[in-house]
Amino acid sequence: MQTIEIKGLKLYGYHGVESEEQKVGQEYIFDCKIESEDIIDYLEVIKEIEAINKVSHRFIEGLAQDIADKLLARFSAKMELTVKKPNPPICYSLDYASATVRSEKSKVRR
């Protein structure tokens, strides 16, 4: 089993419940860890994350799940993905809000 990690990938996205968030957008931070029997090109993982990030999502949980589903289908046996939203439009001070998805490709029994 091999592990590949991508930490702190910064991409601009247009996600959020408020229409203004979907118009203006903001930077999102992605952390991804994939365990696989196969060798994985981290640039291909980044491209997959980038492609899904281009599609607007109302919730970062949905964004995280869509990315995890795509990565799991294409690359892995086991993975964890976190999407961080550093500047949520709320009146509280915080470093970021985040959503994490942990997935594992189920093994086929015969």
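What follows draws every value from the coordinates through simple rules; no lab data is involved. Being a predicted model, the structure only gives us computed values, none of them experimental. All Cβ positions, even for glycine, are placed from backbone atoms using ideal geometry, and neighbour counts span all protein chains on display.
Among ILE52, ILE34, ILE90, which one moves the most in a GNM of the chain with springs linking Cα atoms closer than 10 Å? Largest GNM mean-square fluctuation: ILE90. Projecting the Cα atoms of ILE39, ALA64, LEU81 onto the charge dipole of the chain (Cβ charges, centred on the Cα centre) puts ILE39 farthest toward the positive pole.
Charged side chains reduced to their Cβ positions (Lys and Arg at +1, Asp and Glu at -1) give the stretch 2-104 a dipole of some 240 debye around its Cα centre. What is the log10 of I(q)/I(0) for the chain, computed with the Debye formula using one identical point scatterer on each Cα and no solvent, at q = 0.10, 0.15, 0.17, 0.20 Å⁻¹? Each listed q maps to, in turn, -0.30, -0.62, -0.76, -0.99.
Taking each DSSP H run with n ≥ 4 as -39500 (n - 2.57) and averaging over every residue of the chain yields -9000 deg cm²/dmol at 222 nm. Given in Å, the Rg to one decimal and the Dmax to the nearest whole number for the Cα atoms of the stretch 58-110 are 14.4, 54.
Model label sites at TYR92 and GLU5, defined 7 Å from Cα along the beta-carbon direction, differ in position by 2.8 nm. Taking label positions 7 Å along the Cα-Cβ direction at both ARG74 and LYS54, the computed distance is 1.2 nm, reported to one decimal. Whole-Hz Karplus values for the stretch 84-98 come out as 10, 10, x, 10, x, x, 10, 9, 10, 8, 7, 5, 5, 10, 9 Hz, taken residue by residue from phi with 6.51 cos²θ - 1.76 cosθ + 1.60 and θ = phi - 60°; glycine and proline positions read x.
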